[in-house]
C-alpha cells in the first residue's frame, strides 16, 4: 500500500474556496448563510435560468419535515437514518421527531467535513443522536460499521432518509435503486424510505431544467441530475408507496396545493414502506 501524505491546512482551505459544495449550495438556495463565493457564483448562473430556484429547495425541506412528523406520529417509527443531512437552516430531523417522541433515535451520515463539524456541534449533548462519517452511496460499508450497528436496532422498523441526495448520484435510475435496495434489504418490515429528488416533469419546463443540469454538471459542482417521475418511483424497490405516492414535494401530502413558481414543482418526494422481509 502506498503511503499518502496528509493534505495540508492551506490545501484544504484552497479546495474549499475553489469548489462548490452541494451542502453549501443547498443552504444558499434556502436562504442560509453557510456558503462561499464559489457557491454564490454557481447560484447566479442557475438563477439566470430559474430566478426562483430557492423555491425548489424550500419545497424539498418542507417535505422532509412533514414526512418526519408523519412517520413519528402516525407509523410510530422511532429510528431514523438521515443520509446527507447537509447544512439546514431550520429544524433538524432529530428536533422534529423528538418533539413528538423524545426517545426517538437519529443517525446522521455524511462525509463532508463541514457538515460533520456542524452536526457534531449541535448533537453533542443528545445521547439519542449520533453522527457518522460515511459514504451514503456505498451502503454495504456503512451498514456493516460498528458505529451504525451499535446504535441502530435492525429488528425494529427504521426510516431511511435520502432527501436531496440521490440526484447527486450519476447513472441510471436502476443504479440508484440498487443503492436503496441495499438499505431496505437490512431493514425490518414496516421500515420506510423517504426520498426527494430533482424532477423533470417532461413538460414545457424541461428545456430550462436541462440547462440548469448542464450548468451544474459543467461547474466545479459536477452533480445534479433531473429525473422523471417514473425514474424516481424506481428508487423505491420492493416497497409500497404511501399515499399520495411520488408527487411534487410541495404537494405532499395535499396534492391540491398549487405551486408558487414553476420551479417549485420540479422536485418530487415520496415515502415507500417495506411490507415483507427480504433478507
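Summary of values
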item	result
Residue check, residue 176 in contact (Cβ under 8 Å) with a residue 24 or more places away in the chain, in a helix (DSSP H, G or I), crowded, with 23+ Cβ neighbours inside 10 Å and under 16 Å from the mean Cα position of the chain (by Cα)	yes
In the stretch 116-132, the residues that are surrounded by 15 or more Cβ atoms within 10 Å (Cβ to Cβ) and in contact with a strand residue (DSSP E or B) (Cβ under 8 Å, 6 or more places away or on another chain)	116, 119, 123, 128, 129, 130, 131, 132
Residue in the stretch 188-205 that is touching a residue at least 24 places away in the same chain (Cβ under 8 Å) and out of contact with any helix residue (DSSP H, G or I) (no Cβ under 9 Å at 6 or more places or on another chain) present	yes
Residues of the stretch 95-120 satisfying the condition of being under 19 Å from residue 193 (Cβ atoms) and either out of contact with any helix residue (DSSP H, G or I) (no Cβ under 7 Å at 6 or more places or on another chain) or assigned to a loop (DSSP other than H, G, I, E, B) (or both)	104, 105
Leading residue by the ranking (farthest from residue 195 (Cα to Cα)) among those in the stretch 245-265 that are surrounded by 14 or more Cβ atoms within 10 Å (Cβ to Cβ) and out of contact with any helix residue (DSSP H, G or I) (no Cβ under 6 Å at 6 or more places or on another chain)	262
Subset of the stretch 219-244 (residues that are assigned to a loop (DSSP other than H, G, I, E, B), at pLDDT 95 or above and out of contact with any strand residue (DSSP E or B) (no Cβ under 6 Å at 6 or more places or on another chain))	224, 225, 228, 234, 237, 243, 244
Residue 190 vs. criteria part of a loop (DSSP other than H, G, I, E, B) and either crowded, with 17+ Cβ neighbours inside 10 Å or modelled with pLDDT of 95 or more (or both)	yes
Tally of residues being more than 18 Å from the chain's Cα centre (by Cα), within 13 Å of residue 266 (Cβ to Cβ) and surrounded by 19 or more Cβ atoms within 10 Å (Cβ to Cβ) across the stretch 31-55	2
Condition met for residue 35 (at pLDDT 95 or above and in contact with a helix residue (DSSP H, G or I) (Cβ under 8 Å, 6 or more places away or on another chain))	no
Qualifying residues in the stretch 261-279 (those that are at pLDDT 95 or above and in a loop (DSSP other than H, G, I, E, B)) - the one farthest from residue 74 (Cα to Cα)	261
Count of residues meeting criterion [over 16 Å from the mean Cα position of the chain (by Cα) and in contact (Cβ under 8 Å) with a residue 12 or more places away in the chain] in the stretch 56-75	6
Selected residue (only one of 258, 185 is more than 19 Å from the chain's Cα centre (by Cα) and in a helix (DSSP H, G or I))	185
Residue in the stretch 111-137 that is nearest to residue 70 (Cα to Cα), counting only those that are within 15 Å of the chain's Cα centre (by Cα) and in contact (Cβ under 8 Å) with a residue 40 or more places away in the chain	136
Matching residues, the stretch 146-169, being in a loop (DSSP other than H, G, I, E, B) and either within 21 Å of residue 72 (Cβ to Cβ) or in contact with a strand residue (DSSP E or B) (Cβ under 7 Å, 6 or more places away or on another chain) (or both)	151, 152, 153, 154, 155, 156, 157, 158, 164, 165
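The values are calculated or read from the model by the stated rules, or taken from the named source; none is laboratory data. Values in this document were obtained by computation on a predicted structure and should not be read as measured data. Virtual Cβ from ideal backbone geometry, glycine too; neighbours counted across all protein chains shown.
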